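Peer 1: Please read through the structure below; I'll follow up with questions.
Coordinate-derived values only; no laboratory data. Nothing here was measured: the structure is a model prediction, and the numbers come from that model. Don't worry about glycine lacking a Cβ; one is built from the backbone with ideal geometry, like all the others, and counts go over all protein chains shown.
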Amino acid sequence: MRDAHAGSDADAAPGIDEAEVGRIFREAFGRSVATLIRLFGDIDVAEDAVQEAFALALRKWPGGGLPPNPGGWITTTSRNCAIDRLRRESRGRELLREVAVLRRGDDKPSAEEVGSVQDDRLRLIFTCCHPALSTDAQVALTLRLLGGLSTGEVARAFLVAEPTMAQRLVRAKRKITATRIPYRVPPENELPRRLRPVLAVIYLIYNTGAGNLAAVQSSDDVLCGEAIRLARLLASLMAEEPEVTGLLALLLLTESRRHTRLAADGSLVLLRDQDRSRWDHAMIAEGHAIVRACLHRNQPGPYQLQAAINAVHADADSVQETDWCQILVLYDQHLTLAPTPVVALNRAIAVGEVDGPAVALALVDGLDIDGYHPFHATRADLLRRLDQPEAAVTAYTTAASLAPTEAERNFLTSQARLLSHP
Amino acid sequence: MQQVYALQDEMKSAGAWVFGGRLTEPATATVVRMSGGEAMTTDGPFVEAKEHLGGFYIVEAEDLDAALGWASKTTAIIGAPIEVRPFWDEPGA
């Protein structure tokens, strides 16, 4: 009984460290900022207030313990911080008067809002990814405002100097204010067009993280996790959009094997050589379930098809047991929906497994993507299998000269070396 | 032209219309600029550019999406791209 009594007081038990406070804040950041932007109609006011609440929590929580509902505490405290600050400033008092007017209007939501899901974070992601903003700005805003990353973290992830990133964010926010980019979920008829950049931004965030091979084993590795978190959020808010869930499945299935792409010595490991027992089977199971639901729904799109292709890979115990015919069928569909040379190249790789390297090489040679290193790496692999070592070495060398990471360069150079000195 | 007038009527009945007009070609431009404390008049457009301003609409719009909606309708009719920019918000105005 005494233990049970102590347990009820344990809500306020101390023992939480600063790192934990930081983690909780990042988790709650997007929701709080999004709510405050709706209340005050000003991104800077919202960001500053949540930052102020964070400073308060850092002082209070380590000694006093977590409040019962930390997320709610953060939003309420931020709102109070914003009101206090605005009351101190004359511009702020003006803003508060406007806000009061706006809030009375809020009681009756407008017709276009009734049809859509009501979540502030959903409004915020559509504002951050508005097509009037550049892709760079969309990505930076999404990571800063929804992901809760600091300007420095966003800058480091994109290999940009911090002042440059800070300026990019300031300009983007200025454009949102000056041009009045609306803070709302687009109406149904606009949704397909407006969803495209949102999904592209999340996918770009993931791929930037995944392309940073050096970060795979380090703690810098925030982007992939953040992209999955955003995809999960979007999927929970827009479960009726097949491409949204398709993107989540694609990210989960890709992520399930990301950590097996590098060997202990930092060298690259191809799909066919990866230790499949080390793939994350919980992620694969979740990805598979989503892909099955997508197939059932039968409204295919590029993200769903890529997820399905990855699901087939994840299903096989080895590259030999992979159902390449199924993969080829999916690539045929993907190419119809997205007729780009990159998709055609990936389809040709599947053709190489089904119809042999000669048929694939003829397809690859017809593509015009000379500056894309996987084009040369694919050619090299096909030439090697066709027993044309000299041409393969040349292609490997070209691929190595174009590859963006050291691990990929090393891999391609070593392949070339193996062929020149067998 | 008929379509342009119809769109202008649509802007007017929606309460968006403020003003608009088509400009004559850049060759008719005259530039006035300050030089040595005096207003100098010269022939020709301000800058020689591949693109030039052919005309403009001033519309009253709730937000960027509303303005872009009018711009989309206009560009579909005239076939030329449209740059959308807000007026500077005068504080207290």
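Peer 1: Given a Förster distance of 51 Å, report the FRET efficiency between A:ASP44 and A:GLU390 from their Cβ-Cβ distance, rounded to the nearest 0.05.
Peer 2: So, using R0 = 51 Å, E works out to roughly 0.25.
Peer 1: Under the Karplus relation 6.51 cos²θ - 1.76 cosθ + 1.60, θ = phi - 60°, what is the ordered set of whole-Hz ³J(HN,Hα) values for segment A:367-384, x standing for Gly and Pro?
Peer 2: 3J(HN,Hα) across segment A:367-384, in whole Hz: 8, 10, 9, 5, x, 9, 5, x, 4, 6, 5, 5, 4, 4, 4, 5, 4, 4.
Peer 1: To continue, here is another question. List, in order, the whole-Hz ³J(HN,Hα) value for each residue of segment A:18-35 obtained from phi through the Karplus relation with A = 6.51, B = -1.76, C = 1.60 and θ = phi - 60°; use x for Gly and Pro.
Peer 2: In residue order, the calculated couplings are 5, 4, 5, 4, x, 5, 4, 5, 4, 4, 9, 3, x, 5, 5, 4, 4, 5 Hz.
Peer 1: If you take the beta carbon distance between A:THR177 and A:ALA264 as r and set R0 to 56 Å, what does 1/(1 + (r/R0)^6) give as a FRET efficiency, to the nearest 0.05?
Peer 2: 0.65
Peer 1: Also: Please grab the % of Cα pairs in segment A:198-292 that end up more than 17 Å from each other.
Peer 2: Tail of P(r) above 17 Å: 51 percent of Cα pairs.
Peer 1: Taking 7 Å along the Cα-to-C-beta vector as the label spot, tell me the B:GLU38-A:TYR372 distance in nanometres, rounded to one decimal.
Peer 2: That separation, rounded to one decimal, is 6.2 nm.
Peer 1: Another question, if that's okay. Stretched out fully, how many nm does the piece from A:LEU58 to A:ARG193 gain, at 0.36 nm a residue minus the Cα gap? Walk me through the numbers before you get to the answer.
Peer 2: Numbers: separation 135, 0.36 × 135 = 48.60 nm, distance 4.17 nm.
Additional length available on full extension: 44.4 nm.
Peer 1: Then there is this: Nearest 500 deg cm²/dmol is fine: what mean residue ellipticity at 222 nm does chain A get from its DSSP H runs of n ≥ 4 alone, each adding -39,500 (n - 2.57), divided by its residue count?
Peer 2: -22500 deg cm²/dmol
Peer 1: So, one more: Mind checking the angle between helix A:302-315 and chain A's longest principal axis? C-alpha axes, 0 to 90 degrees, to the nearest 10.
Peer 2: Here the helix axis deviates by roughly 60 degrees.
Peer 1: Using the Karplus curve 6.51 cos²θ - 1.76 cosθ + 1.60 with θ = phi - 60°, what ³J(HN,Hα) values do you get for each residue of segment A:221-232, in whole Hz, with x for Gly and Pro?
Peer 2: Ordered by residue, 3J(HN,Hα) equals 7, 9, 5, 4, x, 5, 4, 5, 4, 5, 5, 5 Hz.
Peer 1: Which cross-chain or sequence-distant (5 or more) residues have an amide H under 5 Å from the amide H of B:TRP17, H modelled 1.01 Å from N in plane?
Peer 2: B:LYS12, B:GLU60
Peer 1: For segment A:304-422, just list the percent of Cα-Cα distances falling in each 5 Å bin from zero outward, please.
Peer 2: 2, 12, 20, 20, 21, 17, 7, 1, 0
Peer 1: Hey, which lysines would be in cross-link range of B:LYS12, C-alpha to C-alpha under 18 Å, not counting anything within fewer than 8 residues on its own chain?
Peer 2: In chain and number order, the partners are B:LYS73.
Peer 1: Here's something else I'd like to know. Roughly speaking, what is the centre-to-centre gap between segment B:1-80 and segment A:368-422 when only Cα atoms are used, to the nearest Å?
Peer 2: Here the answer is 54 Å between Cα centres.
Peer 1: Calculate the mean, over all residues of peptide A:168-179, of how many other protein chain Cβ atoms lie within 10 angstrom of the residue's Cβ.
Peer 2: So the per-residue partner count for this stretch is 2.
Peer 1: For A:VAL354, put the label point 7 Å out on the Cα→Cβ axis and report which residues of segment A:315-336 keep their amide N under 12 Å from it.
Peer 2: Within reach of a label on A:VAL354, which here means backbone N under 12 Å from a point 7 Å along Cα→Cβ, segment A:315-336 contributes A:323-335.
Peer 1: Take the Cα coordinates of the protein assembly as shown, assign each an equal point scatterer, and use the Debye formula without solvent to give log10 I(q)/I(0) at q = 0.06, 0.11 Å⁻¹.
Peer 2: Each listed q corresponds, in turn, to -0.41, -1.14.
Peer 1: What are the semi-axes of the equivalent ellipsoid for segment A:356-415, taken as the square roots of 5 times the Cα gyration tensor eigenvalues, largest first, in whole Å?
Peer 2: That gives 19, 13, 8 Å for the three semi-axes.
Peer 1: Check which residues have an amide H placed less than 5 Å from A:ARG257's amide H, if you skip close sequence neighbours.
Peer 2: Sorted by chain and number, the residues that satisfy this are A:ASP280.
Peer 1: What's the angle, to the nearest 10 degrees (0 to 90), between helix B:64-78's Cα axis and the longest principal axis of chain B?
Peer 2: Approximately 80 degrees, to the nearest 10.
Peer 1: Could you state the number of Å between the C-alpha centres of segment A:301-341 and segment A:222-247?
Peer 2: Value for the Cα centre distance between the two parts: 20 Å.
Peer 1: How about A:LYS175: which aspartates and glutamates have a C-alpha closer than 19 Å to its C-alpha, ignoring those fewer than 8 places off in the same chain?
Peer 2: A:ASP42, A:ASP44, A:GLU47, A:ASP48, A:ASP136, B:GLU60, B:GLU62, B:ASP63, B:ASP65, B:GLU83, B:ASP89, B:GLU90
Peer 1: How far is helix A:90-106 tilted off the main Cα axis of chain A, in degrees rounded to 10, range 0 to 90?
Peer 2: In chain A, helix A:90-106 runs at an angle near 80 degrees to the longest axis.
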